[in-house]
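The structure appears right after this line, and notes come after that.
Throughout, read-outs are computed from the coordinates displayed, never taken from laboratory work. These numbers come from a predicted model, not from an experiment.
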Amino acid sequence: MTLRDQIEDIIQSEPVALFMKGTPQLVMCGNSHRALQALTSAGAPVTTVDILPDPQIRQELSALSGWPTIPQVFIKGELVGGADIVEELHASGELQQRLDEALGPVRDETVKTAVL
């Protein structure tokens, strides 16, 4: 399985995927931290991917999504955006609404890490 296939698999199979700099335990970027906080505050079951160990992850991800910056948030395979957008959606209540529509109002609010 190629790196691109692995990234696509996470985007399509995980309810909420956050491609970030660092891990939930050791966030290496303020924007990644903000996106993770907004998602967890909204009760999202987040799967995180640290893009820092391999520069190819970021290149393949940006080629797939068409979004040049990190973090990148996907809900049910759909690109939502980066930290600013996710924070705005959370502040307006729209993030919670999107999560409810995509995943249902009752969901597992876990945070886990995928490794590529």
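Quick notes on this one:
- If you take the Cα centroid of the stretch 1-58 and the Cα centroid of the stretch 66-84, the two points sit 9 Å apart.
- The length gained by stretching the chain between M28 and K112 to full extension, at 0.36 nm per residue less their Cα-Cα distance, is 28.6 nm.
- For the stretch 31-40, 3J(HN,Hα) per residue [Karplus equation, 6.51 cos²θ - 1.76 cosθ + 1.60, θ = phi - 60°, Hz, x = Gly/Pro]: 5, 4, 5, 4, 5, 4, 4, 4, 5, 5
- Scanning residues 5 or more positions from L52 or on other chains, those with amide H under 5 Å from its amide H are G22, with H placed 1.01 Å from N in the peptide plane.
- Fully extending the segment from Q37 to D100 would add 20.9 nm, taking 0.36 nm per residue of separation and subtracting the current Cα-Cα distance.
- Helix-only [θ]222 nm of the chain, DSSP H runs n ≥ 4, -39500 (n - 2.57) each, per residue, nearest 500: -14000 deg cm²/dmol
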